[in-house]
1. Give a residue-ordered list of calculated ³J(HN,Hα) values for the range 50-65 (Karplus: 6.51 cos²θ - 1.76 cosθ + 1.60, θ = phi - 60°; whole Hz; x for Gly, Pro).
2. I need the phi-derived Karplus couplings for the range 202-210: 6.51 cos²θ - 1.76 cosθ + 1.60, θ = phi - 60°, integer Hz, Gly and Pro marked x.
3. Amide H to amide H, which residues 5 or more places from residue 168 or on other chains are under 5 Å from it, using H placed in the peptide plane?
4. Compute the relative contact order of the range 36-97 as a whole-number percentage, counting only Cα pairs closer than 8 Å that sit 6 or more residues apart in sequence.
5. For the cross-link pairs 60/96; 96/130; 33/171, which exceed 29 Å when the distance is taken from alpha carbon to alpha carbon?
6. Amide H neighbours of residue 98 under 5 Å, counting only residues 5+ apart in sequence or on other chains, H built in-plane at 1.01 Å?
7. Starting from the 7 Å offset along Cα-to-Cβ, what nm value, one decimal, do you get for the label separation of residue 191 and residue 221?
8. If each of residue 94 and residue 203 carries a label point 7 Å out from its Cα toward its Cβ, how far apart are those two points in nm?
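What follows is calculated from the coordinates using simple rules that are stated; it is not laboratory data. Every value quoted in this text rests on a predicted model; they were computed, and no experiment measured them. Counting neighbours? That spans all protein chains shown, and the Cβs are built from the backbone with ideal geometry, glycine included.
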Amino acid sequence: EQGYQRRVRGVDDGLSQLYLDGIVTLVDAHNFKRTQRETDGTVTEFGRQIALADVVVLNKMDLVEEESRDSLTEEIRAMNGACVVQHTTRSRVDLKRILGIQAYTSVPPPSTVEHKLSRAISTVTLTTDKLLRKKELENTLESLLWEEPTSPLKQSHLVEDGGEMTILRMKGRVHTDTGWFMVQAVRDIYELTPIATPPSGTAPHLIFIGSHLDSQRLQNV
């Protein structure tokens, strides 16, 4: 399970010679719509697996009608606007597309996928020109990722309908008072990695993937 593997990698010194290159999720394209209908409105392992992925491999595409293939890809991107979607049949895929992808050492571009509050799993992209204070950024990330739902900090991050706003994945680049950083987070584990100053005009951005996301409340935070 991807979230578990990510946590183990973050704390186990015995894996120090390994590194996390990226998370790949294999999806049954033929049964995707049916599974989505059965789980729509709730956060299940089906949605979490897609939300955590850097690459989603849509398998059994030969069983999907041609006119439905684009909409199927759009459904995946609506859940995880930062992932790469690969189409395949019989699980045949170019290994270069799933290995050596350096998902945790490169900054993804901002997602252009429209956020939908009605979707259990969705994507929100925020951009800002503000110079952030690194310590305040760390405190905010920790409150979003670590606090219990009943804590005062987490209560301020609930959406109006009472659903808990849960961050499953986060990535992007930010500009702080100590320099530029790449942000990567999987569930309750996050990393801020120093990066070189990007070209002039590059806007800092954060991509949030999770449940009950509210773009305005995230922007306010």
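1. 6, 4, 7, 6, 8, 10, 10, 9, 8, 8, 6, 5, 5, 9, 9, 4
2. Calculated HN-Hα couplings, in order: 6, 8, x, 8, 10, 9, 9, 10, x Hz.
3. Amide H neighbours of residue 168: 209, 210, 211.
4. This gives 42 percent for the range 36-97.
5. 96/130
6. Amide H neighbours of residue 98: none.
7. 2.2
8. Calculated label separation equals 3.1 nm.
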